[in-house]
Structure formats: structure tokens, C-alpha cells
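Chemist: Shown below is the structure under consideration.
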Amino acid sequence: MLELRKDRSFTSKDINSLYMSKGYSSYEGRLDALYDAAVTSDYIVTAWDDAQMVGIIRSSGDMEFTQYIADLIVHPEYKSMGLASKLMDAYINEASGVEEIYLMMDTVPKNSFTKNWLAYKGFEILAETDKQIIYVMRRDGSEE
């Protein structure tokens, strides 16, 4: 049974296993620094299948006005099970006092499902190039 957690009771091995589950990670060679970054994230929600970390969303910022989502990762074996949606919903709820939440994504491959999914969750495209898209979720109190 999958469980979402908002604590930091995970190990470096848990983080490394999840981030390397696709066979590579942009953090490869810096996995110790990744663990430190995850532990000190302002907001973090992890997903667990018993003792295995199978998903994570984390962000950093100033805790009131802005947060920047650093990672939203789901283990490949748990894709298409609604886990990313559950992580995002829990994260949005957890960061409910933050006025603007930013998310940058690579555009390769372009995925209209992801764009539509993020729009459904409340994000809008702020900027787009051939390589990246910047999304923002604005809440009451933030200027447009």
C-alpha cells in the first residue's frame, strides 16, 4: 500500500535509489549533495511502498512569497498510477500559504498531457522556449 509522508525520515540510499531508478540522474556523481538538498528543502512530500521510496516532490524558496519545485519524480514502475497527482496535491496543500509556486521542465519530449495536467492542477505557462517551460501557480495575494 502506498503511503505519502511529509517528514524527512529517509536515508541517502532511499534518495539515490529513486533518483537512479531510470538508470541515470542529472545528480549523478553528486548524490551526497542531493541528499543534503532534499533534507533541507522547505517543502517535501515522499511516496513509499512499504520501505521503498517510490516518489518525491520537493521545493525551496522563501516560504511565503515564492517556492521553486526542484523535483517531481516517480519511480518508473509506479508511473500511470496517479502517484504524481497524489504527490502534487499533497504538496500544493502543504505549501498552501505560498503565493507563487514555480516549476521548470524540459520540453523534450513535448508532452501535451503534462501541460494539460499542470493546467488542471492550477499552473499556467509563464515562459516557453524549445528547451524549457516555466510554469507558475499564483494564489491570492500575488500579483499577475
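Chemist: Check off (1) hydrophobic (A, V, I, L, M, F, W, C); (2) exposed (fewer than 11 other Cβ atoms within 10 Å of the Cβ); (3) under 17 Å from A70 (Cα atoms) for L31 and give me the number that stays unchecked.
Modeler: The one condition L31 does not meet is (2).
Chemist: For S25, all conditions in the list (1) in a loop (DSSP other than H, G, I, E, B); (2) in contact (Cβ under 8 Å) with a residue 24 or more places away in the chain; (3) surrounded by 12 or more Cβ atoms within 10 Å (Cβ to Cβ) hold save one; what is the number of the exception?
Modeler: Result: S25 fails condition (2) only.
Chemist: Same structure, new question: Can you pull out every residue in the range 107-136 that is acidic (D, E) and closer than 15 Å to I92 by Cα? Write out each step before concluding.
Modeler: Initial filter on the range 107-136 (acidic (D, E)): 124, 128, 130.
Matches in the range 107-136: E124 only.
Yes/no matrix, rows are residues, columns are (1) under 22 Å from D49 (Cβ atoms); (2) aliphatic (A, V, I, L, M):
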{"residue": "M88", "(1), (2)": "yes, yes"}
{"residue": "Y91", "(1), (2)": "yes, no"}
{"residue": "I101", "(1), (2)": "no, yes"}
{"residue": "N111", "(1), (2)": "no, no"}
{"residue": "Y120", "(1), (2)": "no, no"}
{"residue": "R138", "(1), (2)": "no, no"}
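Where a number appears in this text, it was derived from the coordinates with a stated rule and is not lab data. All figures in this text were calculated on a predicted structure; none of them were measured in a lab. As a convention, Cβ positions derive from the backbone with ideal geometry for all residues, glycine included, and neighbour counts pool all protein chains shown.
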